[in-house]
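Asks: If you scroll down you'll find the structure; I have some questions about it.
Derivation of every value follows stated rules applied to the coordinates shown; laboratory data play no part. If you're wondering where the values come from, they're calculated on a predicted model, not measured in any experiment. Heads up, the Cβs are rebuilt from the backbone with ideal geometry, glycines too, and the neighbour counts pull from every protein chain shown.
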Ligand code: PRF
């Protein structure tokens, strides 16, 4: 299901290939976020041209609206949104905690009022797996609790243990309802949904290790590292990846959820992570910010008023010929084309970052690529 094609001799970076029901994913890979069944402002044909191999959808949002009855009748999320490449769905708990009101975590799951009309709802491990089965995503995430940061060791331990108990319930639901799914269907053409559990444990090494070991013993086809980029210092994020990745099976993909800046992605690839998703390329685009090799470019800035150059020399083909001055004008007048152009540009930037990483690992020059990204990229915005 996951073939390792090359390893970087100087780091833990890997070049791999993952089989899913809707096709092959070349890793390391960046997955654009399509929360509501659309990558905001981008047509599926444009995603294909951007070489987006897989996109991310959200259980919570799609369950609240339009609801599973409509998606079931449409024939699943792929049919509903007219996208025939792979989709990974997040399991919902993380979104309940960032969006819903009056939320309460109990042993059985989360009680909350949804963020749209306040309807009381319940999401637990079994429901999260059932919804994702209805969505028909290629990769479904297990239901977890993303431990808030900061927290004490005791709080992190209780939360991680709940994630482990929920993982067992997710596995039981899958075994009873999709008996051919998961780790056992190792064939050349993967036809069943894959299920990935999520390692939690906050910033504590013993908890991360315990969680990873328990989940590995359950034998899933891939593993995620959760609870990153929740406010912890970047050194902690890197340390957590260093503790966790070596405990995960070498021949299975590893996914760091909800990350990151271009240097963070490259540094996590160097620590053995294969898959990433992040809202920042599309979210920053909508507020007028473009990614460049040197850092962020805020197109609202007056200094671009008469800057008639393209966003970048290697911008997306559809963005060529549109000047920074013109895009600044579109953003300032809230014209839809402005956010579309920057979204395409930013997704192209992330797609080419990961395709350059893949090539560098294959060609044995990942160290040079890593050094170049770290040297050129400034995290401050101008
Ligand atoms: N768990 C889940 N989704 C997530 C996260 C997590 O910990 C994160 C944390 N960065 C982003 N998305 N299920």
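Asks: Tell me the Rg and the Dmax, in Å, that the Cα atoms of region 182-333 produce.
Replies: Both quantities, over Cα of region 182-333: 20.0, 60 Å.
Asks: Moving on to the next point. Could you work out the Kirkwood radius for region 1-153, taking every pair of different alpha carbons, averaging 1/r and inverting it, reported in Å?
Replies: Over region 1-153, the inverse of the mean reciprocal pair distance is 16.9 Å.
Asks: Here is a follow-up. Please give the contour-minus-distance gain from residue 378 to residue 359: 0.36 nm per residue of separation, less the Cα-Cα distance, rounded to one decimal in nm.
Replies: Result for the pair: 4.5 nm of gain on full extension.
Asks: For region 143-235, which semi-axes, largest first and in whole Å, follow from the square roots of 5 times the eigenvalues of its Cα gyration tensor?
Replies: After scaling each eigenvalue by five and taking roots: 28, 13, 10 Å.
Asks: Rounded to whole Å and sorted largest first, list the principal axis extents of the Cα atoms in region 1-56.
Replies: Cα extents, longest axis first: 40, 24, 20 Å.
Asks: Mind telling me which of 253, 32, 233 comes out most flexible in a GNM of the chain, alpha-carbon contacts under 10 Å?
Replies: Checking each option, the largest mean-square fluctuation is seen for 233.
Asks: Let me ask you something else. Which order do peptides 220-232, 146-158 fall in by mean Cβ count within 10 Å, highest first?
Replies: Highest mean packing first, the order is 220-232, 146-158.
Asks: Something else now. Going by how many other beta carbons lie within 10 Å of each one, how would you line up 102, 142, 50, fewest first?
Replies: So the residues, fewest neighbours to most, are 102, 50, 142.
Asks: Would you give the gap between the C-alpha center of region 283-329 and the C-alpha center of region 186-241, rounded to a whole Å?
Replies: Centre-to-centre distance over Cα atoms comes out at 36 Å.
Asks: Please rank 297, 141, fewest neighbouring Cβ atoms within 10 Å first, as an exposure proxy.
Replies: The order, fewest Cβ neighbours first, is 297, 141.
Asks: Normalise the Debye intensity by I(0) for the chain, one equal point scatterer per Cα, no solvent, then take log10 at q = 0.07, 0.11, 0.12 Å⁻¹ and round to two decimals.
Replies: The Cα Debye sum returns log10 ratios of -0.30, -0.77, -0.93.
Asks: Only bridges with both residues in region 191-340 count here: give the DSSP antiparallel percent, nearest 5.
Replies: 35
Asks: From the alpha carbon gyration tensor of region 91-168, can you work out the equivalent ellipsoid semi-axes (sqrt of 5 times each eigenvalue) and give them in Å, largest to smallest?
Replies: 21, 17, 10
Asks: When the Kirkwood radius is taken over all Cα pairs of region 249-297, what Stokes-Einstein diffusion coefficient follows at 20 °C and 1.002 mPa s, in µm²/s?
Replies: 179
Asks: Separate question: What area, in nm² and to one decimal, does the C-alpha convex hull of region 310-362 cast on average over all directions?
Replies: Taking the Cα atoms of region 310-362, their convex hull projects to 3.5 nm² on average.
Asks: For 316, 115, 251, 345, which order do you get if you count the other beta carbons within 10 Å of each Cβ and list the fewest first?
Replies: 251, 115, 316, 345
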